[in-house]
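The values are calculated or read from the model by the stated rules, or taken from the named source; none is laboratory data. In this text the structure is predicted, and so the values were computed from the model without any measurement. Backbone-built Cβ (ideal geometry, glycine too); neighbour counts: all protein chains shown. Accessible surface areas use protein heavy atoms only, side chains included; no ligands, DNA or RNA. Shrake-Rupley method; radii C 1.70, N 1.55, O 1.52, S 1.80 Å.
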Amino acid sequence: MAGTQAAQQEDDVHHDATTGEHRHDDTPAATGHDGRQHPDVDEETARFWEEHYGRHERVWSGRANPILVDVASSLPAGTVLDLGCGEGGDAIWLAGRGWRVTAVDVSETALARAAEEATAAGVVSRIEFRRHDLTRTFPPGEYDLVSAQFLQSPLEFPRAELLRSAARAVGPGGRLLVVEHGEAPPWGRHDHAHARFSTPQETLAALDLDPDRWDTERLDAPRRQATGPNGETGELVDHVVLVHRRV
């Protein structure tokens with residue numbers, strides 16, 4: 001897919017993808033803050049996201065993504081997998097409402113900030129932070145909710161394959177929520193003039209779900225007002241897919 005940095009350019013979206021270009025096994029392993037190599041993390045991917053988070057003391061607002069809030073508020077608390085957790089806004093909100101959260105990101109800086117914020121919020125005991133380059137490893141287990149909020153990247157990555165992995169992580173009776181940018185923000189359209197954004201229908205089709213086992217609960221493209229990095233205001237389009245795995 002065409003990569004986009006739209007998520008980096010407006011303050012009402014708090015996650016970006018923690019995935020990078022899909023590479024062969026001989027790609028150099030990343031070196032972590034501990035000085036050791038991590039063979040399950042691509043070096044270029046890790047460098048990109050560490051530089052991204054290293055440019056500012058905080059990248060995202062800390063607020064939970066609004067569609068996640070809308071969906072999860074009506075669900076009983078259970079287990080949730082937060083893919084590309086960033087600095088932890090969604091994970092902390094979910095944990096504060098009784099969810100047991102597994103929050104993953106490739107950036108050690110983002111994970112450290114998320115853990116610090118979770119501690120300050122008094123919910124760190126309900127969150128397990130894990131480092132994953134999702135093009136190489138995927139968290140094991142099944143969850144009541146798998147959340148993929150704006151899992152889009154300026155680096156190439158196997159998006160459809162990753163989303164199918166996310167669907168496989170949904171337990172019986174659970175849900176997968178995918179929220180993506182539907183178009184570039186008004187203040188970033190010049191930079192993304194050639195970017196193509198998958199429709200909700202295309203994203204659903206790419207999941208390749210068994211219709212006898214899954215129900216589609218939401219498939220739409222709502223609009224919302226947001227503020228850009230320089231105080232600009234404009235309307236954003238989100239593409240939303242919410243599917244429910246039958247018991």
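Quick notes
- Per the listing VAL241, VAL170, the residue uniquely in contact with a helix residue (DSSP H, G or I) (Cβ under 7 Å, 6 or more places away or on another chain) and under 25 Å from ALA77 (Cβ atoms) is VAL241.
- The residue list THR137, THR119 contains one member that is under 19 Å from GLU50 (Cα atoms), open to solvent by 30 Å² or more (accessible area, probe 1.4 Å), hydroxyl-bearing (Ser, Thr, Tyr) and over 13 Å from the mean Cα position of the chain (by Cα), which is THR137.
- Restricting attention to the stretch 199-231 and to residues that are charged (D, E, K, R), touching a strand residue (DSSP E or B) at 6+ places or on another chain (Cβ under 9 Å) and touching a residue at least 40 places away in the same chain (Cβ under 8 Å), the residue that is farthest from ARG168 (Cα to Cα) turns out to be ARG224.
- Condition met for LEU94 (of a type in the set (A, V, I, L, M), at pLDDT below 95 and either surrounded by fewer than 24 Cβ atoms within 10 Å (Cβ to Cβ) or more than 29 Å from GLU232 (Cα to Cα) (or both)): no
- With respect to the stated conditions, GLU156 is in a loop (DSSP other than H, G, I, E, B), open to solvent by 10 Å² or more (accessible area, probe 1.4 Å) and among the charged types (D, E, K, R).
- Identity of the residue in the stretch 198-229, of a type in the set (Gly, Ala, Ser) and closer than 18 Å to ASP70 by Cβ, that ends up surrounded by the fewest Cβ atoms within 10 Å (Cβ to Cβ): ALA221
- The residue list VAL41, VAL13, VAL124, VAL59 contains one member that is open to solvent by less than 70 Å² (accessible area, probe 1.4 Å), over 18 Å from the mean Cα position of the chain (by Cα) and either at pLDDT below 70 or more than 26 Å from ASP238 (Cβ to Cβ) (or both), which is VAL124.
- Options VAL237, VAL247: the member that is out of contact with any Phe, Trp or Tyr (no Cβ under 6 Å at 6 or more places or on another chain), surrounded by fewer than 17 Cβ atoms within 10 Å (Cβ to Cβ) and either closer than 15 Å to ASN65 by Cβ or without any contact (Cβ under 8 Å) to a residue 40 or more places away in the chain (or both): VAL237
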